Amino acid sequence: MTSEPQMGIVQPQTTDLAVDEMAAVEKLQRAYHDMRAELGKVIVGQEAVIEELLIALFCRGHALLVGVPGLAKTLLISTLAKTLGLSFNRIQFTPDLMPSDITGTEVIDEDRTTGTRQLRFVRGPVFANMILADEVNRTPPKTQAALLEAMQENQVTAGGKLHRLPQPFFVLATQNPIEQEGTYPLPEAQLDRFMFNINVGYPSEDEEFQIVRLTTAGREINLQHVLSGEDVSQLQDIVRKVPVGDHVIRYALQFSRLTRRTEADANLPDFVKEFIAWGAGPRASQYLILAGKARALLKGRYHVSTEDIRQVALPVLRHRIVTNFNAEAEGIKSDAIVKKLMDYIPRQQYDELDKNMSRVLKEQPAAAKAAG
């Protein structure tokens with residue numbers, strides 16, 4: 001991923017956002033820099049991981065972090081919760097974990113004065129703004145499914161009653177990719193609920209040097225709250241109002257549709273026919289556009305470009321493409337297929353449309369001023 005210059009606070013172009021919402025967008029851009037600075041007090045490196053986490057957060061999405069032990073996945077998530085002033089709970093998934101250990105359970109309360117008994121719901125750890133589902137593939141599917149209703153509906157059903165979860169609500173799950181004995185891989189239906197699949201890689205030598213130097217010395221870290229829960233909810237609403245051109249939607253659709261093997265479609269690239277068993281569904285297209293909107297705002301732009309779609313394609317698609325035996329035999333992963341799609345889909349036409357859209361948006365304020 002190419003590095004980009006640091007984003008500045010830019011003056012808004014003509015968009016579908018109201019004046020008061022523009023102020024909130026500028027607040028989002030400032031908060032983005034402030035959060036990066038606060039996280040940098042604790043986390044060394046992992047710039048792409050942090051950016052993808054924040055994009056998912058502002059899209060009301062959930063994220064799956066995949067990485068070997070010791071890469072500060074848990075520390076990153078807990079630190080992010082502190083900078084946002086959100087309630088945070090960690091659930092350690094184990095083979096003996098039961099669904100009620102996550103969602104909560106009903107207990108019998110007895111009134112000592114009258115002797116009457118009634119059921120009372122005791123909330124489980126899922127009732128928090130940010131949930132860390134640590135090693136989610138360590139527990140059986142019955143318990144994994146306890147998260148499905150919470151992730152999709154933002155509620156828990158117990159004893160025939162609905163219990164709403166606090167907002168904003170954000171599930172971050174972790175998996176260890178190198179140890180699969182005694183694990184229960186997430187079903188495709190549950191994987192699809194995660195907006196992003198984020199790869200957490202090893203640090204560079206300089207980053208690891210800083211990690212060792214800082215973590216083996218005594219130091220006190222004071223983290224500042226950057227945004228409140230209400231601020232996050234407001235910014236999540238604004239992300240969905242960011243304008244997106246039809247050509248950007250068409251471009252995003254190609255990433256999803258070109259992964260689907262159908263007999264009726266003879267225009268699929270050869271590598272798709274050879275290496276893909278099942279492709280991405282419509283939810284992938286939705287998340288590509290939503291993630292593009294959030295990324296555009298974080299980068300200081302008020303409309304989505306095809307470059308935004310390319311930058312979020314890997315975390316959106318890597319867990320939605322199911323490779324076949326041929327791919328496994330040749331060691332081809334879903335990431336390689338997504339990169340092949342980036343090269344396969346022609347860019348020139350879409351890049352020209354991006355430039356035209358940007359030019360029109362810049363010219364509209366001047367035209368409106370002249371007309372006034």
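The values are calculated or read from the model by the stated rules, or taken from the named source; none is laboratory data. All values reported here derive from a predicted model rather than from experimental measurement. Heads up, the Cβs are rebuilt from the backbone with ideal geometry, glycines too, and the neighbour counts pull from every protein chain shown. Ligands, DNA and RNA are stripped out before the accessible areas are found, and what is left, the full protein with its side chains, is counted by its heavy atoms. Shrake-Rupley method; radii C 1.70, N 1.55, O 1.52, S 1.80 Å.
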Rounded to the nearest whole Å², what accessible area per residue is found for region 146-186 with the 1.4 Å probe?
50
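Ignoring ligands, DNA and RNA, what percent of the accessible area of region 206-338 is carbon or sulfur (1.4 Å)?
The C+S portion of the solvent-accessible surface of region 206-338 is 48 percent.
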May I ask which residue of ASN356, ALA145, ALA313 lies farthest towards the positive end of the charge dipole of the chain, with charges of +1 (Lys, Arg) and -1 (Asp, Glu) on Cβ and the Cα centre as origin?
ASN356
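Specify the longest stretch of the chain that does not include any exposed loop site, a site being one of the GluC sites (Glu not before Pro) with a non-H, G, I, E, B DSSP assignment and at most 12 other Cβ atoms within 10 Å. Could you put the intermediate results ahead of the total?
Details: sites that count: GLU181, GLU220, GLU263.
Longest stretch, sites excluded: 1-180.
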State the Cα centre-to-centre distance between region 224-281 and region 29-64 in whole Å.
20
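Return one whole number: the accessible area per residue of region 36-107 in Å², for a 1.4 Å probe. Spell out each step's value before the answer.
Values: 2480 Å² over 72 residues.
Spelled out: the 1.4 Å probe surface of region 36-107, per residue, equals 35 Å².
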So which helices of the chain fit the span-like rule, where a helix is a whole DSSP H run, its Cα atoms reach 24 Å or more along the axis, and its mean Kyte-Doolittle is at least 0.0?
282-298
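How large is the charge dipole for the chain, taken about the Cα centre, if only the Cβ atoms of Lys, Arg (+1) and Asp, Glu (-1) carry charge, to the nearest 20 debye? Could you put the intermediate results ahead of the total?
Numbers: 42 positive and 47 negative charges, 141 e Å.
Using Cβ point charges on Lys, Arg, Asp and Glu, the chain gives about 680 debye.
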Across the Cα atoms of region 25-162, what radius of gyration and what greatest pairwise Cα-Cα distance (Dmax) are found, in Å?
18.4, 61
Along the charge dipole of the chain, which of VAL272, ALA329, PHE169 sits closest to the positive end, that is, farthest toward it, with unit charges on the beta carbon of Lys, Arg, Asp and Glu (+1, +1, -1, -1)?
PHE169
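Check each of the trypsin sites (Lys or Arg not before Pro) in region 198-243 and keep only those in coil by DSSP with at most 15 other C-beta atoms within 10 angstrom; list them in order. Write out the running numbers ahead of the final one.
Details: sites: ARG213, ARG219, ARG240, LYS241; in loops: ARG219, ARG240, LYS241.
For trypsin sites (Lys or Arg not before Pro) across region 198-243 that sit outside H, G, I, E and B with at most 15 neighbouring Cβ atoms in 10 Å, the list reads ARG219, ARG240, LYS241.
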How high is the FRET efficiency between LYS41 and THR116 when r is their beta carbon distance and R₀ equals 41 Å, given to the nearest 0.05?
0.15
In the structure displayed, which of LYS73/LYS340; LYS241/LYS340; LYS73/LYS293; LYS41/LYS73; LYS27/LYS73; LYS27/LYS241 lie more than 23 Å apart, Cα to Cα?
LYS73/LYS340; LYS241/LYS340; LYS73/LYS293; LYS27/LYS73
Among PHE121, TYR344, ASN222, whose Cα lies farthest out toward the positive end of the dipole of the chain, if unit charges sit on the beta carbon of Lys, Arg (+1) and Asp, Glu (-1)?
PHE121
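Which of the trypsin sites (Lys or Arg not before Pro) found in region 37-141 are loop residues per DSSP with 10 or fewer other Cβ atoms within 10 Å of their Cβ?
Details: sites: LYS41, ARG60, LYS73, LYS82, ARG90, ARG112, ARG117, ARG120, ARG123, ARG138; in loops: LYS41, ARG60, ARG112.
Those that pass, being in a loop and sparsely packed, are ARG112.
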